[in-house]
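*Asks:* Got a structure for you, questions after.
The values are calculated or read from the model by the stated rules, or taken from the named source; none is laboratory data. Keep in mind that this is a model prediction, so the values were computed, not measured. As a convention, Cβ positions derive from the backbone with ideal geometry for all residues, glycine included, and neighbour counts pool all protein chains shown. These area figures cover heavy atoms from the full protein model, side chains too; ligands, DNA and RNA do not enter into them. Shrake-Rupley method; radii C 1.70, N 1.55, O 1.52, S 1.80 Å.
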Amino acid sequence: MIQATFIRHKGNLESVELTGHAGSGEYGFDIVCAAVSTLSINFVNSLEVLAECNADLAVNEIDGGYMKIDISHMTKKTDEKVQLLFESFLLGMTNLAENSKEFVSVKVIAN
């Protein structure tokens, strides 16, 4: 199962950690994994191109199953574009989790 944990601080989304594997199909044909990958890579690319915001990105290149996108240290983290893109990513992941409960879960931690 893929677990997506979003961190919200003072109302603003600041980071997301994606862990695990969907396991909804064999390697290379897992459409849930492909959906999560597409949403997360599009989010990172959108931050860079549309909001001129370069997030800290950590990825397990060898085994996969791990990605952390972090903007907590950035001055632009409260920028309206940045937050809109982050909220859009949360929305996409939440919708995916609702339709694929056995493969994806999403939680938001507010602190």
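*Asks:* Carbon and sulfur atoms: what percent of the 1.4 Å accessible area of the range 1-69 do they account for?
*Replies:* On the way: 2160 of 4000 Å².
Taking all protein chains in place, the range 1-69 shows 54 percent carbon and sulfur surface.
*Asks:* With every protein chain present, what is the per residue accessible area of the range 17-90 (1.4 Å probe, Å²)?
*Replies:* Numbers: 4570 Å² over 74 residues.
I get 62 Å² per residue for this part.
*Asks:* Still on this model: Give me the one-decimal nm value for the distance between modelled label points at Q3 and S37, 7 Å along each residue's Cα-to-Cβ direction.
*Replies:* Calculated label separation equals 2.3 nm.
*Asks:* If the cut-off is 16 Å between C-alpha atoms, which aspartates and glutamates fall inside it for K10, apart from same-chain ones fewer than 8 positions away?
*Replies:* Cα-Cα hits under 16 Å: D70, D79, E80, E87.
*Asks:* Dividing the Cα convex hull volume of the chain by residue count, how many Å³ per residue is that?
*Replies:* Dividing the Cα hull volume of the chain by its residue count gives 94 Å³.
*Asks:* So what is the relative contact order for the range 11-103, in percent, with contacts set as C-alpha pairs under 8 Å and at least six apart? Mind showing how you got there, number by number?
*Replies:* Working: 99 pairs, mean separation 34.0, N = 93.
Once normalised by length, the contact order is 37 percent.
*Asks:* Let me ask you something else. Taking trypsin sites (Lys or Arg not before Pro) as exposed when DSSP calls them loop (any state but H, G, I, E, B) and at most 14 other Cβ atoms lie within 10 Å, what is the longest stretch of the chain free of them, the sites themselves excluded?
*Replies:* So the longest stretch without any such site is 11-100.
*Asks:* Ignoring everything but the protein chains, give the 1.4 Å probe accessible area of H21 in square angstrom, nearest 10.
*Replies:* 110
*Asks:* In addition: Within the chain, which is the longest segment containing none of the GluC sites (Glu not before Pro) that sit in a DSSP loop and have at most 16 other Cβ atoms within 10 Å?
*Replies:* 62-101
*Asks:* Looking only at chymotrypsin sites (Phe, Trp or Tyr not before Pro) in DSSP loops with at most 13 other Cβ atoms within 10 Å, what is the longest site-free stretch of the chain?
*Replies:* Formally, the longest exposed-site-free interval is 30-111.
*Asks:* Hey, rough spin-label estimate for E48 and L84, points 7 angstrom out along Cα→Cβ, what's it come to in nanometres?
*Replies:* 2.1
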